[in-house]
C-alpha cells in the first residue's frame, strides 16, 4: 500500500511541473484552511495517483482534460489545463481538434469561449485592435 504522504509529494511535484510553482501555490491557498483538505486530495489522488498511471501519455491525458473541461463549461479549469497541456507538449493543432470534437458532440457554445482561451494560451490569438 502506498503511503498517502508519498502520493501527496509526488502529486505536488507533478502539479508544479505542469502549472508552475507560483500558480500551484495560489490555487492551494485560494480557499485557505477550509480548502486544504480538498487540495490534499487533489495532490495525492488526482496528480499523485491518476496522473501517474502509465495507461495514457501526459499529452493524451491533457487533451482529455481539455475536452472534459470544455464540454462541462468550466472555462477557468480549461485555462489551467491548457497551460498544463502546453507544458506537456500538446500542440495548438491538437487542442483545436479536441475543441472541434467538443463543438460537434457537446454543442458550439461549449467550444466558443474555450477556443478563445486556447488561442491565448497557445499564442494563436489575433492581435487586439
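Extent of the chain along its three principal axes (Cα atoms, max minus min coordinate, largest first): 48, 34, 24 Å. Over the residues of the chain, the helix contribution to mean residue ellipticity at 222 nm works out to -22500 deg cm²/dmol, using -39500 (n - 2.57) for each DSSP H run of at least 4. Calculated on C-alpha atoms, the gyration radius of the stretch 1-53 divided by its Kirkwood radius gives an Rg/Rh of 0.97. Can you give the relative contact order of the chain as a percent, counting alpha carbon pairs under 8 Å and 6+ residues apart? Contact order relative to length: 23 percent. Placing R0 at 30 angstrom, the Cβ-Cβ distance between residue 59 and residue 3 gives a FRET efficiency of 0.55 after rounding to 0.05. Compared with the dominant principal axis of the Cα atoms in the chain, helix 92-106 is inclined by about 80°. Taking only Cα atoms and a 10 Å spring cutoff, compute GNM fluctuations for the chain and point out the largest among 69, 114, 91. Maximum among the listed residues: 91. Using the Cβ-Cβ distance between residue 49 and residue 108 with R0 set to 35 Å, the FRET efficiency works out to roughly 0.50.
Quick check: the angle from helix 58-71's long axis to the longest principal axis of the chain, C-alpha only, nearest 10 degrees? It is inclined by approximately 70 degrees. Compared with the dominant principal axis of the Cα atoms in the chain, helix 32-41 is inclined by about 90°. Tell me whether the stretch 55-129 comes out rounded, prolate or oblate; compute the Cα gyration tensor, take square roots of the eigenvalues as a ≥ b ≥ c, and use a/c under 1.5 as the rounded threshold. Judged from the Cα gyration tensor, the stretch 55-129 comes out oblate (a/c at least 1.5, b/c at or above a/b). Distance from the alpha carbon centroid of the stretch 85-125 to that of the stretch 1-37 works out to 26 angstrom.
Rule-based calculations on the coordinates, nothing more; no lab input. Since this is a predicted model, take the numbers as computed values, not measurements. Cβ coordinates were reconstructed from backbone atoms using ideal geometry, including for glycine residues, and neighbour counts include every protein chain displayed.
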